[in-house]
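Student: Have a look at this one before I ask anything.
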Amino acid sequence: MYHLLIDILLADEHTEELLAIHEKEIKHLKEERRMKAPLLVGIKKYFEICEEEKELAAAASDQSRLLGRGKRDPGRLLREEKMRKRVNKEKPRVRRNSWLLTRTFRLICLMYCDSSNKIS
């Protein structure tokens, strides 16, 4: 079945059947994206937090921030500490939520695949 679908999708002839298959696949992908939107948001947030963590590590290796040389920014250390606390608090929470959402989507997919196989 799958190979037949691939052959139809890659065909050089443009038929109504091919158009209908493409439209059905587009609809399916949009629905999948809509369903997985919370997971995608969580993953994006996780990568943003990881990026902030890298920035904090780079800032921690900059010794001039402690001596007050270079750019004058009296609130820099305070902002770094607030960011560090937020990263340490948010990263495990976002990771846990993403993991739970991933497990939920896997279960839904398994249930959907099982039910669609029974119908065939």
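Student: Where the second residue is β-branched (Val, Ile, Thr) and in a helix (DSSP H, G or I) and the first is more than 10 Å from Leu56 (Cβ to Cβ) and lies in the stretch 82-94, which pairs have Cβ atoms under 7 Å and are six or more apart or on separate chains?
Tutor: Glu90/Ile49; Lys91/Ile49; Val94/Ile49
Student: Among the residues of the stretch 35-54, which ones are modelled with pLDDT under 90 and over 12 Å from the mean Cα position of the chain (by Cα)?
Tutor: Met35
Student: Still on this structure, I have one more. Within the stretch 13-38, can you find the residues that are in a helix (DSSP H, G or I) and in contact with a helix residue (DSSP H, G or I) (Cβ under 9 Å, 6 or more places away or on another chain)?
Tutor: Once the filter is applied, which keeps residues that are in a helix (DSSP H, G or I) and in contact with a helix residue (DSSP H, G or I) (Cβ under 9 Å, 6 or more places away or on another chain), the stretch 13-38 yields Glu17, Leu18, Ile21, His22, Glu25, Arg33, Met35, Pro38.
Student: Can you tell me how many residues within the stretch 1-24 are in contact with a Leu (Cβ under 8 Å, 6 or more places away or on another chain), modelled with pLDDT of 70 or more and under 28 Å from Phe105 (Cβ atoms)?
Tutor: Residues that pass the stated criteria total 2.
Student: Which one of Arg103, Arg76 is at pLDDT 85 or above and over 30 Å from Leu10 (Cβ atoms)?
Tutor: Just one listed residue meets the conditions, Arg103.
The values are calculated or read from the model by the stated rules, or taken from the named source; none is laboratory data. Keep in mind that this is a model prediction, so the values were computed, not measured. Quick reminder, even Gly has a Cβ in these numbers, built from the backbone with ideal geometry, and neighbours come from all protein chains shown.
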